[in-house]
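The values are calculated or read from the model by the stated rules, or taken from the named source; none is laboratory data. Because the structure is a prediction, the values reported are computed rather than measured. Cβ placement follows ideal geometry from the backbone for every residue including glycine, while neighbour counts extend to all protein chains displayed. Accessible surface is based on the protein model in full, side chains and every heavy atom, while ligands, DNA and RNA are left aside. Shrake-Rupley method; radii C 1.70, N 1.55, O 1.52, S 1.80 Å.
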Amino acid sequence: DEINSLLQRSAVLLFPSLNYEGMPMTIIEALSNGTPVIASNIGVMPTMITNQYNGFLFEVGNVNSLCQQIGRWEKLTEGEKVHMKKNARESYQMHYTPEHNARLLKQIYQEAIQGKLSVPEFNSVSHAPKKTHIIESHFG
């Protein structure tokens, strides 16, 4: 489709959100097409984007921070950019495919039925889950 075609031809996706996002499909679509993401470090984005692995994170609302991360992307060698694109695609395959989500949903239902469902604790700095049986930790 047209969106996938555009993402495949894009060098990087800029995602400068000022608000908390639930699970941005835009980022998932970018990763599925092997497009690295430069995103603000708010909400769920730090759990989806690992700095210098499948993209870059910048301080929310800070234009200078955004420009710095764009500059970091631009300074990468072509080989490093290709590697980051492969990492973006791998991130999708490891964490966001329909099959992966079906396994997670099945696990959640099984834990709920067995009374073992736990609630994630959040790290106050990154908002990333510290420990949980439901959400997998960062890749990399």
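Each row is one residue, and each column tells you yes or no for (1) part of a helix (DSSP H, G or I); (2) within 19 Å of the chain's Cα centre (by Cα); (3) more than 24 Å from Met25 (Cβ to Cβ).
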position: Leu57; (1), (2), (3): no, yes, no
position: Gly61; (1), (2), (3): no, yes, no
position: Ala102; (1), (2), (3): yes, yes, no
position: Tyr109; (1), (2), (3): yes, no, no
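Within segment 75-96, track down each residue that is open to solvent by less than 90 Å² (accessible area, probe 1.4 Å), over 13 Å from Gly55 (Cβ atoms) and over 13 Å from the mean Cα position of the chain (by Cα).
Of everything in segment 75-96, those that are open to solvent by less than 90 Å² (accessible area, probe 1.4 Å), over 13 Å from Gly55 (Cβ atoms) and over 13 Å from the mean Cα position of the chain (by Cα) turn out to be Thr77, Gly79, Val82.
Restricting to segment 34-53, and then to whatever is of a type in the set (Ser, Thr, Tyr) and open to solvent by 10 Å² or more (accessible area, probe 1.4 Å), can you tell me which residue is farthest from Ser91 (Cα to Cα)?
Top of the filtered list is Thr47.
Which members of segment 76-99 meet the condition of being farther than 21 Å from Leu14 by Cβ and not in a helix (DSSP H, G or I)?
Selection gives Thr97 alone.
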